[in-house]
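I have placed the structure first, in the form of structure tokens, so that the comments after it can refer back to it.
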Amino acid sequence: MRILIISCFLFLPSMGYAQLSMDDFLQSALQSSAVKVFDTQDDFLDENPYKLSLIRGLEFRTESNQLDNDRQDYTVRLNPANPWEVKRNNEYFKNYQQMLQLDRQRELKEVMKIHYETIINWAYLDELKS
């Protein structure tokens, strides 16, 4: 049983495919976890627009008159939202989304730099080997 397990672990790595072209390797920078984080945050903000409602609150009140038991007063109160607050909130999330996109571009450039350096090192070592 032990020999079977050991032989599986010895031959398992040889069954995988590890060679990529340089183009595929550079394209894999888009699949980096650091870049994916910004993509998911941007997608979340696209799907859920953070716009405040124009109505902040709606109240329904009732009041009875102590002198007249048959009299019941009802009132409805509508609280509108502050238009400047709504505008500033929309601007904030728009600017936040732009900042996320800039951070994504910066992180993508960092990952691409690492990938290019890896390719250059590989080419240099391959040249030394030959």
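The residues on offer are Asp68, Asp103, and the sole one that is of a type in the set (Asp, Glu), assigned to a helix (DSSP H, G or I) and open to solvent by less than 80 Å² (accessible area, probe 1.4 Å) is Asp103.
You will find that of Glu59, Glu63, the residue that is open to solvent by less than 70 Å² (accessible area, probe 1.4 Å) and in a strand (DSSP E or B) is Glu59 and no other.
Being aromatic (Phe, Trp, Tyr) and at pLDDT below 75 is a property that Phe9 has.
For every residue, the table says whether it meets (1) more than 10 Å from the chain's Cα centre (by Cα); (2) among the aliphatic types (A, V, I, L, M); (3) modelled with pLDDT of 80 or more.
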{"site": "Asp43", "(1), (2), (3)": "no, no, yes"}
{"site": "Glu47", "(1), (2), (3)": "yes, no, yes"}
{"site": "Leu52", "(1), (2), (3)": "yes, yes, no"}
{"site": "Gly57", "(1), (2), (3)": "yes, no, yes"}
{"site": "Asp73", "(1), (2), (3)": "yes, no, yes"}
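Against the numbered list (1) in contact (Cβ under 8 Å) with a residue 24 or more places away in the chain; (2) surrounded by fewer than 11 Cβ atoms within 10 Å (Cβ to Cβ), Leu52 comes up short only at (2).
Residues in the range 72-100 that are aliphatic (A, V, I, L, M), open to solvent by less than 90 Å² (accessible area, probe 1.4 Å) and in contact (Cβ under 8 Å) with a residue 12 or more places away in the chain: 3 in all.
The values are calculated or read from the model by the stated rules, or taken from the named source; none is laboratory data. A quick note: this is a predicted structure, and the numbers were derived from the prediction, not measured. Quick reminder, even Gly has a Cβ in these numbers, built from the backbone with ideal geometry, and neighbours come from all protein chains shown. Heavy atoms of the whole protein, side chains included, go into the accessibility calculation; ligands, DNA and RNA do not. Shrake-Rupley method; radii C 1.70, N 1.55, O 1.52, S 1.80 Å.
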